[in-house]
Amino acid sequence: MQNATTNKTAIEVGVDCGSGCLFNIRDDPSEYSDLAQANPSKLAELRERFFALNSTAFHQLKLPQDEGLCSSYVQAHHGYVGPYLAGI
């Protein structure tokens, strides 16, 4: 699990969060010191809570992309991209 769009921690300090990382963000706000190995039960507790909360989250339906329809919409609306539904 990552908390960013890139794995900056792995690139900068060699931390691999493939199994999850655990940071004390008060003492280490830049997330350089992974505490997961020293606190496996806390990591497991937080992962369980994350997955429990995520299971009740609303997940938007992923609609198919239609490049032609999108281009037509942009042309018809003077360069603005807006909502359109493809394949429905």
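The values are calculated or read from the model by the stated rules, or taken from the named source; none is laboratory data. The structure presented is a predicted model; accordingly, all values stated were derived computationally and were not measured. Neighbour counts are summed over all protein chains in view; Cβ atoms, including those assigned to glycine, are modelled from backbone coordinates with ideal geometry.
Within region 25-43, residues that are in the same structural domain as residue 15 (by TED's automatic domain parsing) and at positive phi have Cβ atoms under 6 Å from residues that are β-branched (Val, Ile, Thr) and surrounded by 12 or more Cβ atoms within 10 Å (Cβ to Cβ) in these pairs: 31/9, counting only partners at least 6 apart in sequence or on another chain.
Within region 38-53, the only residue that satisfies the criterion of being among the basic types (Lys, Arg) and in contact with a Leu (Cβ under 8 Å, 6 or more places away or on another chain) is 42.
Among (1) modelled with pLDDT under 85; (2) touching a Phe, Trp or Tyr at 6+ places or on another chain (Cβ under 6 Å), there is one condition residue 63 misses while meeting the rest; what is its number? Condition not satisfied by residue 63: (2).
All told, residue 85 meets the bar of being over 23 Å from the mean Cα position of the chain (by Cα) and modelled with pLDDT under 85. Considering only region 52-60, I want to know if a residue exists there that is modelled with pLDDT under 95, of a type in the set (A, V, I, L, M, F, W, C), surrounded by 10 or more Cβ atoms within 10 Å (Cβ to Cβ) and assigned to a loop (DSSP other than H, G, I, E, B). No, region 52-60 contains no residue that is modelled with pLDDT under 95, of a type in the set (A, V, I, L, M, F, W, C), surrounded by 10 or more Cβ atoms within 10 Å (Cβ to Cβ) and assigned to a loop (DSSP other than H, G, I, E, B).
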